Each structure stands twice: as structure tokens, then as C-alpha cells.
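Asks: Before anything else, here's the structure in question.
Any read-out appearing in this document is the output of simple, stated calculations on the displayed coordinates, not a laboratory observation. These numbers were taken from a predicted model, which means no experiment stands behind them. Counting neighbours? That spans all protein chains shown, and the Cβs are built from the backbone with ideal geometry, glycine included.
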Ligand code: ATP
């Protein structure tokens, strides 16, 4: 196990980058704690795989260093870094038994056979493969094969970090939740540093203690699932996390106050410094918008039933405002007024939470 430090990392696939957008990774400084469960979450093309490959040693960064427990490993190969990787598609040897598949990484490193047996049985028990140990891997279903891949990632005790690259892609939707909770449980048992790459917020938020939200080659925010929900540092995080995501409402500014729909909106944070030429927006999650007697006038455009609550799409002029209404509460018809919870309503300047370092 190891703590990982990413120091001043940048990466560009082109020989002569000219604009910031030429960089697949713009600038990354980050500390991952020893034994932590991390997720890299972001849309396609945001740089997740690039970062994963840099940490694992498959790709040399254009700039910066990677340190494991304080030791610079930037020039080391994946083998020298003691990394285990689990990919989207299960990597198993079909002609071998499940036992031999799990034993492979250990036998490859010359571990003695008695130790191999003990460790394989331990891992098979954790991954619920004990009954299958003598079966050929070819006979297993996709989720069974992916369990072998997970097992092979976990079997070595000399691993510094286990990396998962969208490991549930080929798993049937109804089995995904099983493997997802299995992974979480496995992390709690083995406590190896784990990095899980995904574009799926549910996978990231259920697996990780800390989620790194990425966009356009940047880590926009690193935080616990609660922090990302409660205090998005960027409108992208607010919108990307949550279902539906945070409402982002363009507003005007008067004497430092946010004006939306001609009304002063009370917010948790304040604008600081000069704001002319800056895009100012109000961010409020649908959970913290409610119907009231007075407030912002809206028309109800659509209501959809999402089980324990309804999602209401209300409109103030052309601006959509989403509202989560708990089951049992009445949704007004036609027109209504809404208000925002001031403690959960924030101002964003050019996307970043106002008054905080960007
Ligand atoms: P996905 O979820 O689709 O795999 P990602 O978040 O993992 O996306 P990356 O694969 O790291 O993103 O890609 C980041 C950027 O770098 C993208 O603009 C991509 O087109 C570019 N890129 C990735 N690999 C290469 C490569 N080998 N050569 C040139 N450009 C690349």
C-alpha cells in the first residue's frame, strides 16, 4: 500500500502544444492517502484514462512527478511500481481453471505453492468464487469473469495500488449493484489504496471515500460524496453530480447582491472584488427549491414521478428551474411561486464558487 502524490502533473499528446486546450491534463497537484478508496469521475475525454495510465506507469507525463510514499516513481515501469489493474473487459485465461487464474500473479512472482493455496482460497472466499475454483474460466458468465479479474487484482500482498478502469462496463445492469457493493466491501477488508475510474456518478459515489471530479483535463473538485453534493466548488460539479443536477441560473448583480427575476436572492456566499465582465450565476439544487406563497413566479412545464419524489420542471420565462417534491406533497398546477433555501444557495463567478480560491 502507498500514499500517492501527483506533483505538478501535465500531459500533452502533441509535440508542440499552443493553447491550454491542447493539454489532455492541464495541471494536477493531488495527494491520495494510503489505503484510501478514490474515484476519478468525469465525462468522456476529460483525461481520466490519461491520468490512470500516468499513475500506473504506462504513460510518461510531459511534466511533473509521481511519488509513492514520498519516493519518486516517475521513471519506473508498472511492474516496478507494484500496480494491479482491472480493466473494462475481464482479462482471464479461458483455458485455465479459476484457481490457476487467481494463482497466476503469485506463481509469476515465484511465491511458494503453499502460500499460493492459502491466498487463493482467501481471495476466492472474498469474491465468492470458492465453488468455482476447479471450473474452467471459459464456463463463467461475464460477471464471474470480472470477479476473477478483481480477485487477480487483490491476490498479491505487495501491491501499492489497485486501479479499476470502468470495471462494470460489461456487467448486466441488474448485477452491477452486487459487484459495486462487493468492491466496497473488499476495499474495507483489504484497505489497499484503490483508484476507480468511471463516468458514472452512482459507481463513483458508492465506491469512493473521495471522488476526484474531472473536466477538460482538470480536477475540478476533490471531496467526499457529501462535500460534492453539499458544496460544489464549480457549477460543473453541481450539475454533473445529483439527479437532476444543480440548477444554474444566470443572474444580474446590484451592489454585490444577486438579482434574479427582478428580486434580490439571499445566498450563502458573497461576491468579492470586481465582477464586471464576469459571468455570475446562482446555484441551487432541486432539493432546496420549494413552492411558497410569494417569491419567484414560475409556470409548471412538466412533472415526472421518480418514486419517493416528483421532479418538477418549472419555468421562469425561458429559464428552467428543477424542483424535487417529496412524495405526498402537492405540486401546484399551472402557475406558482418558488423560493430558494438561502443556506443552500450559492453564487458562482465564471463557474467557480464565488469568494473561494479557484
Ligand atoms: P473516456 O472516458 O472516453 O475514456 P477519458 O476521460 O478517459 O475518456 P482520455 O482518454 O484520458 O479521457 O482523453 C483525454 C484527451 O486526450 C482527449 O481529448 C483524447 O482525445 C486525448 N487522447 C487520449 N489518448 C490519446 C492519444 N493516445 N493520442 C492523442 N490524443 C489522445
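Asks: Running a GNM on the chain with Cα contacts under 10 Å, which residue among 202, 155, 284 ends up with the highest mean-square fluctuation?
Replies: Result: 202 has the largest fluctuation of those listed.
Asks: Hey, can you rank 179-187, 212-220 by average C-beta count inside 10 Å, highest first?
Replies: Details: 179-187: 17.9, 212-220: 22.1.
Most protected by this proxy first, the peptides run 212-220, 179-187.
Asks: Assign one of three labels to the range 99-139, namely rounded, prolate or oblate, based on the Cα gyration tensor with a ≥ b ≥ c the square roots of its eigenvalues; rounded applies when a/c is under 1.5, prolate when it is not and a/b is larger than b/c, and oblate otherwise.
Replies: Details: a/c = 2.43, a/b = 1.47, b/c = 1.65.
Since a/c reaches 1.5 but b/c is at least a/b, the shape of the range 99-139 is classed as oblate.
Asks: For Cα pairs less than 8 Å apart in space and 6+ apart in sequence, what is the mean separation divided by the residue count of the chain, i.e. the relative contact order in percent?
Replies: Details: 732 pairs, mean separation 58.0, N = 358.
Computed over the chain, the figure is 16 percent.
Asks: To make sure I understand, if each residue's beta carbon is the centre and we count other beta carbons within 10 Å, what order do 285, 270 fall in, fewest to most? Write out the running numbers ahead of the final one.
Replies: Details: 285 25, 270 11.
Result, fewest neighbours first: 270, 285.
Asks: Pairing the Cα long axis of helix 142-155 with the longest principal axis of the chain, what angle in degrees results, from 0 to 90 and rounded to the nearest 10?
Replies: So the helix axis and the longest Cα principal axis differ by about 70 degrees.
Asks: Grab the Cα-Cα distance for residue 16 and residue 243, subtract it from 0.36 nm times how many residues apart they are, and report the gain in nm with one decimal.
Replies: On the way: separation 227, 0.36 × 227 = 81.72 nm, distance 4.01 nm.
Net length gain for the segment: 77.7 nm.
Asks: Using R₀ = 45 Å, calculate the FRET efficiency as 1/(1 + (r/R₀)^6) where r is the Cβ-Cβ separation of residue 107 and residue 29; round to 0.05. Can you show the working numbers first?
Replies: Values: r = 39 Å, r/R0 = 0.87.
Result of the calculation: an efficiency of 0.70.
Asks: Something else about it: Based on DSSP H runs of at least 4 residues, each adding -39500 (n - 2.57), what is the mean residue ellipticity at 222 nm of the chain after dividing by all its residues, to the nearest 500 deg cm²/dmol? Don't jump to the answer; show the numbers that get you there.
Replies: Working: 9 runs with 89 residues, N = 358.
Mean residue ellipticity at 222 nm (helix-derived): -7500 deg cm²/dmol.
Asks: Report the FRET efficiency, 1/(1 + (r/R0)^6), for residue 65 and residue 257, where r is their Cβ-Cβ distance and R0 is 41 Å, rounded to 0.05.
Replies: On the way: r = 45 Å, r/R0 = 1.11.
Using R0 = 41 Å, I get an efficiency of 0.35.
Asks: If I model a spin label at residue 133 and residue 274 as a point 7 Å from the Cα along the Cα→Cβ vector, what separation in nanometres do I get?
Replies: So the two model labels end up 7.1 nm from each other.
Asks: Exposure proxy check: 38, 348 ranked by fewest other beta carbons within 10 Å?
Replies: 38, 348
Asks: Students often get this wrong: which residues of the range 238-279 have the backbone nitrogen under 15 Å from the point 7 angstrom along Cα-to-C-beta of residue 331?
Replies: Counting only backbone N, you get 244.
Asks: By how many degrees, 0 to 90 and rounded to 10, does the Cα axis of helix 173-190 deviate from the longest principal axis of the chain?
Replies: With rounding to tens, the tilt is 70 degrees.
Asks: With a/c under 1.5 counting as rounded, go ahead and sort the range 205-331 into rounded, prolate or oblate using the C-alpha gyration tensor (a ≥ b ≥ c being the square roots of the eigenvalues; past the cut-off, prolate if a/b is larger than b/c, else oblate). List each step's numbers first, then the result.
Replies: Details: a/c = 2.11, a/b = 1.05, b/c = 2.02.
It comes out oblate by the Cα gyration axes.
Asks: How would the range 90-206 be classified by its alpha-carbon gyration tensor: rounded, prolate or oblate, with rounded meaning a/c under 1.5 and the a/b versus b/c comparison settling the rest? Don't skip to the answer; put the middle values down first.
Replies: Working: a/c = 1.97, a/b = 1.35, b/c = 1.46.
Verdict is oblate for the range 90-206.
Asks: While we're looking at this one, here's another question. Within the range 324-343, which residues have the backbone N less than 19 Å from the label spot 7 Å out from residue 293 along Cα→beta-carbon, could you tell me?
Replies: 330-333, 335-342
Asks: Out of all DSSP beta bridges in the range 4-234, what portion is antiparallel? Express it as a percent rounded to 5.
Replies: Working: 18 of 37 bridges.
Here the antiparallel bridges make up roughly 50 percent for the range 4-234.
Asks: Same structure again: Report, in degrees rounded to the nearest 10, the 0 to 90 angle that the Cα long axis of helix 113-126 makes with the longest principal axis of the chain.
Replies: Roughly 30 degrees between the two axes.
Asks: I've got another one for you. Taking the Kirkwood radius as the inverse of the mean 1/r across Cα pairs, report the Rg/Rh of the chain.
Replies: Ratio value, two decimals: 1.06.
Asks: Please work out how much length the chain gains when fully extended from residue 74 to residue 185, using 0.36 nm per residue of separation minus the C-alpha to C-alpha distance, in nm with one decimal.
Replies: Answer, rounded to one decimal: 36.9 nm.
Asks: What is the fewest-to-most order of 198, 294, 339 by other Cβ atoms lying within 10 Å of their Cβ? Walk me through the numbers on the way to the answer.
Replies: Values: 198 23, 294 9, 339 19.
By the 10 Å Cβ count, ascending: 294, 339, 198.
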